[in-house]
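The values are calculated or read from the model by the stated rules, or taken from the named source; none is laboratory data. Predicted, not measured: the structure shown is a model, and the values here were computed from it. Note that each Cβ is placed from the backbone with ideal geometry, even for glycine, and that neighbours are counted across all protein chains shown. Calculation scope for accessible area: heavy atoms of the full protein, side chains included, ligands and nucleic acids excluded. Shrake-Rupley method; radii C 1.70, N 1.55, O 1.52, S 1.80 Å.
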Amino acid sequence: MTNPVLVEVLRGSIVESAHRGAIAVYDAAGRTVWEIGDTAKPVFPRSAVKAIQALPLVESGAADAYGFGNRELALACASHSGEPEHVETARSMLAKAGLDEVALECGSHWPGNHGATVALARSGGAPNALHNNCSGKHSGFLCTCCHSGIAHRGYVAAGHKLQDMVRDAMEAVTGAAHGVDHCGTDGCSIPTYAVPLRSFATGFARMATGERLGAERAKAAQRLLWACMAEPFMMSGTGCADERLMKAAPGRIFVKMGAEGVYCAAIPELGLGIALKCDDGAIRAAEIMIAGVLAKLLAKDGELAAELRRQAVQPILSRNGVKVGELRPADALG
């Protein structure tokens with residue numbers, strides 16, 4: 001099955017490039033609400049499922065034992081941009097478990113935020129694992145290990161007890177088997193599993209509503225999503241699409257990007273979960289897709305829908321800052 005074109009890239013009035021993809025919108029019972037393209041094809045969700053991966057942090061009691069509030073929980077679900085608040089919050093989370101950045105096994109890279117990178121370089125500093133966009137998630141992993149009495153060394157490896165907990169949570173929430181035959185390694189070194197796109201959509205509907213999760217897991221799931229919606233900066237960064245979209249409708253929209261053009265989202269008031277994949281992995285197109293989907297699903301709120309449609313059209317600028325084109329939803333999405 002060939003997925004349809006969902007995003008067009010215009011230079012002037014001419015379509016210069018196009019991005020194909022698939023979109024799944026499901027409810028907590030696994031019923032199709034809306035879908036485009038092949039949503040049965042397994043995809044790696046990458047960072048888009050961090051909120052599900054953070055469930056053991058709450059369910060184990062670690063989050064409460066260490067006094068974590070919305071900021072820490074949002075960071076545990078984050079792909080942050082390495083700004084000082086992100087780095088210091090991750091450092092503080094580790095310190096509460098008696099650890100420091102040396103315990104992190106996610107690797108290091110320069111901050112995603114340009115200003116943070118410039119400031120770090122000007123100070124003569126170099127990035128460490130705290131600057132990794134996944135350091136909040138990994139800090140949550142380490143805190144879960146320490147609180148639960150699990151030896152934390154090697155916590156990123158498949159077969160480690162912590163990763164078994166994460167896999168089990170993913171399976172329970174999405175309803176899809178996460179087997180070794182569909183397992184790869186994510187950029188931050190933990191296992192990632194390719195399962196149907198529609199399973200992730202169903203999973204996030206369950207995260208948002210608590211349906212079919214059991215009382216304790218439902219409570220943990222909703223706590224994590226609400227933390228992210230309350231602190232969109234902590235789970236993304238300044239000017240990031242995730243921050244912009246959640247700020248457009250505080251407490252009403254949860255979104256989370258993943259590498260290679262993946263997005264997962266939830267609209268709690270509608271009881272819906274969303275998952276999408278841009279075939280060519282372009283995050284620029286995935287951002288247009290998710291804004292377009294949200295605008296369509298929230299069309300009854302005219303003011304919000306208008307803002308989401310605005311975010312679904314992004315200008316292309318010349319080096320002189322002049323608009324020379326735009327990215328926009330294609331007819332199949334619009």
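Before moving on, here are some points about what is shown:
- The stretch 5-333 - percent relative contact order, Cα under 8 Å, separation 6 or more: 25 percent
- Accessible heavy-atom area order of 211, 243, highest first, probe of 1.4 Å: 211, 243
- Entries of 50/296; 161/247; 247/296 with Cα pairs more than 29 Å apart: 161/247
- Nearest-ten-degree value, helix 302-311 long axis tilted from longest Cα axis of the chain: 90 degrees
- Semi-axes of the equivalent ellipsoid of the stretch 14-172 are 30, 24, 13 Å, computed as sqrt(5λ) over the eigenvalues of the C-alpha gyration tensor in descending order.
- Across 195, 33, 262, mean-square fluctuation computed from a Gaussian network of the chain (C-alpha pairs under 10 Å connected) peaks at 33.
- Nearest 10 degrees, 0 to 90: helix 84-96 Cα axis against the chain principal axis: 30 degrees
- Surface analysis of the chain yields an accessible area of 40 Å² per residue, using protein heavy atoms and a 1.4 Å probe.
- Highest average first, the peptides 60-69, 268-277 ordered by how many other beta carbon atoms sit within 10 Å of their residues are 268-277, 60-69.
- Calculated log₁₀ intensity ratio I(q)/I(0) where the Debye formula runs over C-alpha points of the stretch 144-207, q = 0.12, 0.22, 0.27 Å⁻¹: -0.32, -0.94, -1.15
- From most to least packed by mean Cβ count within 10 Å, the peptides 155-161, 111-117, 85-91, 14-20 give 85-91, 111-117, 155-161, 14-20.
- Contour minus Cα-Cα distance for residue 189 and residue 119 (0.36 nm per residue): 22.5 nm
- On Cα atoms only, tilt of 135-148 relative to the major axis of the chain in degrees: 30 degrees
- Residue among 47, 189, 318 with the largest mean-square fluctuation in a Gaussian network model of the chain, springs linking Cα atoms under 10 Å: 318
- Structure remark: mean-square fluctuation, Gaussian network model of the chain, C-alpha springs under 10 Å; the largest value among 74, 259, 95 belongs to 95.
- Heavy-atom accessible surface of residue 234, to the nearest 10 Å², is about 0 Å², with a 1.4 Å probe and all protein chains retained.
- Estimated from helical segments only, the mean residue ellipticity of the chain at 222 nm is -11500 deg cm²/dmol, where each DSSP H run of four or more residues counts as -39500 (n - 2.57).
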